[in-house]
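Comments concern the structure below.
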Amino acid sequence: MNLLLSLIGLGALAVFLTYRYLIYPIFFSPLSKIPTPNPLCYITDHFSRYLSWREQEFDWLLKYHRQYGPLIRIGPTSVSVNSVEGLRQVYTSLEKHPFYAQFTNYNGMPNMFATVDHQRHSVQKRVLSGIYAKSYLQRSEDIKSISQDVFDQRLTPVLGHLADIQRPVNVFELFQFVAIDFYSAYAFGLDRSTHLTENHGHENRPYHAADSRYIYESKDRRDHSWFPEDECLALCRATAKGIDEKQPAGSTPPIIFEKMYSSLSAQNPPLPHDTILLTCASELRDELIASQEGIAITLTYAMYHLSKSAHLQSRLRAEIASSTDINDLSSLPLLNALIHETLRLHAPGAGRQPRLSPPSGLTLHNHYLPPNTSISSSSYVLHRTSSVYPDPETFNPDRWLDASEEMKRCWWGFGSGGRMCIGNHFAEIIIRRALVEVYGRVETWIVDEKGSEQTKTFLAGPRGRRLVLGVGRAKGQ
Ligand code: HEM
């Protein structure tokens, strides 16, 4: 009797599981009618994960969006959407997928990027949005001082020296250093900022000509790519001490840190001091990595295309020569077009950005998506929509000189909506200024592009973390 009951129980379980994980997702799920590129996608997310692991997911999505249209099913409860309408509906208000929780630092300390909950995120974002606003950054005397220090005093001498001795340089690494120096100055104040650029990555060792016969690669094996947690926390601790003891601000104040620190210190009931420091460090470390990677990747690929075209370089040089205000480069058309086109073809944040459908579900492109459906778009795919960007694989900055509204709406370099990149204007200021400093003074050409091909991963940078360019003084410089 017991055996019979067990067999019936097992049979019922088998029927339930077959229905739940096989029959329902294939035939009865509201997603069943959505075009599905591979039958495995009906029953498992592992197929798209496998493709992602093989770096084939982006091209797979592109192929099937071209074949099936703006909405495709890529898992039992996951869809990919590729349309301006999709961006509008999904990215204005939907919560992030729990996927993002992996981006916390210091064993789970929250930061803005990793926070999924809508309410908690808006509180965090409000604290910092003012100091990243375009108008604030454009007017800021501190940004001017930092730009002058990082570009005029640190980068320009390095470029001049490289040109004089004709030593090639790994621009990906050099501009990671520029971005880290700039961000750390804005976060912690100029006096506490890192000094990687002029030291060429050799910590505590002034740059000097004896190293010049080598192609520039950092010999410092500390992991700059992921700013170490302990260093970031130590900087936060030292800066907090300076604020608490009312030490003089120094050349520029610790703008980002001070904002976060004062907001967290004012909370009621009060937070433990260590929690405040760790929360600040988690946010600042995340932003520092975003700066270092996003800015260096964009500059690397902009310089890659410029290095392939002497004509494009001379057009840019002529535009730079005509500009009147080094602190406001936002109105140079070719410069902006170059940056837009680089972020179109080489978006650093290329991967799918998953969101969750709300408790009431969502109707998208005439399909009902039940609650908790994962919905995602990818800039890699959006930016290759050939009806919007003809000949999408070609780098053509001129396409932006007279851009249609549709081109602008489909461009997604910094995301959109409530979770759009908070650092977009900050990044653009650094990228513009870097290109002006380089191409206003020197010309570049490709020496070694091995390892510069872009990965097809969530954060997409040069596979070998390098692009080696030659540098020579531009005519008349
Ligand atoms: C060219 C450089 C950059 C690119 C291409 C870029 C791109 C992006 C994209 C696409 C997102 C949305 C990601 C998603 O929803 O999954 C994002 C979010 C974010 N970025 Fe950037 N970013 C850049 C530079 C920066 C910089 C310099 C900072 C720091 C100051 C920064 C801080 C952030 C933060 C905090 C978020 C999360 C915003 C939120 O959740 O509300 N990014 N970025």
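Values in this text are rule-based calculations from the coordinates and carry no lab data. Small disclaimer: the values here were computed from a predicted structure and weren't measured. Positions of Cβ are generated from backbone atoms using ideal geometry, with glycine treated the same way; all protein chains shown enter the neighbour counts.
Sequence-distant contacts, meaning Cα pairs under 8 Å at least 6 residues apart, place the relative contact order of the range 77-473 at 25 percent.
Percent antiparallel among DSSP beta bridges with both residues in the chain, to the nearest 5? Just about 85 percent of them are antiparallel. Tell me, how many Å apart are the Cα centres for the range 116-139 and for the range 414-466? That distance is 23 Å. Measuring between alpha carbons in the structure, the pairs from K134/K308; K134/K408; K144/K246; K144/K308 lying more than 22 angstrom apart are K134/K308; K144/K246; K144/K308. Taking a straight Cα-Cα cut-off under 15 Å and skipping sequence neighbours fewer than 8 places away in the same chain, the aspartates and glutamates within cross-link reach of K241 are D191, E258, D274. Annotation: peptides 146-157, 39-50, 187-198, ranked by per-residue average of other Cβ atoms within 10 Å with the highest first, follow the order 187-198, 146-157, 39-50. Cα centroids of the range 336-372 and the range 56-114: 6 Å apart. Each of L459, L5, L40 was placed along the dipole of the chain (beta-carbon charges, centred on the mean Cα), and the one lying farthest toward the positive end is L5. Within the shell defined by Cβ-Cβ distances under 15 Å, the residues around E258 carry a net charge of -1, with Lys and Arg each +1 and Asp and Glu each -1. For the range 77-473, a simple Cβ point-charge model (Lys and Arg +1, Asp and Glu -1, everything else neutral) yields a dipole of about 540 debye relative to the Cα centre. In terms of its alpha-carbon gyration tensor, the range 77-473 comes out oblate; a/c meets the 1.5 threshold, while b/c is at least as large as a/b.
Only one residue of L369, I430, N105 has its Cα farthest out toward the positive end of the dipole of the chain, where Lys and Arg carry +1 and Asp and Glu -1 on Cβ, and that residue is L369. Ranked by the mean number of other Cβ atoms within 10 Å of their residues, highest first, the peptides 309-317, 425-433 come out as 425-433, 309-317.
Rounded to the nearest 10 degrees, the angle from helix 333-345 to the longest Cα principal axis of the chain is 40 degrees. Shown here for the range 236-273: trypsin sites (Lys or Arg not before Pro) in loop regions (DSSP other than H, G, I, E, B) with at most 12 other Cβ atoms within 10 Å, namely K246.
For K63, a cut-off of 19 angstrom between C-alpha atoms picks up these aspartates and glutamates, skipping any fewer than 8 places away in its own chain: D45, E55, D391, E393. With axes computed from alpha carbons, what is the tilt in degrees of helix 57-68 against the longest principal axis of the chain, rounded to the nearest 10 within 0 to 90? Helix 57-68 sits at roughly 60 degrees to that axis. The Cα center of the range 158-195 and the Cα center of the range 1-45 differ in position by 57 Å. A helix-only calculation puts the chain at -14000 deg cm²/dmol for mean residue ellipticity at 222 nm, using -39500 (n - 2.57) for each DSSP H run of at least four residues, averaged over all residues.
The angle between the Cα long axis of helix 229-244 and the longest principal axis of the Cα atoms of the chain comes to about 70 degrees, rounded to the nearest 10. Partners of K96 within straight-line reach, counting lysines whose Cα lies under 20 Å from its Cα and excluding those fewer than 8 residues away in the same chain: K125.
Cβ crowding within 10 Å, taken as a proxy for footprinting-reagent exposure, orders E437, E245, E341 from fewest neighbours to most as E245, E437, E341.
Using C-alpha pairs below 8 Å separated by at least 6 residues, the relative contact order for the range 319-376 is 23 percent.
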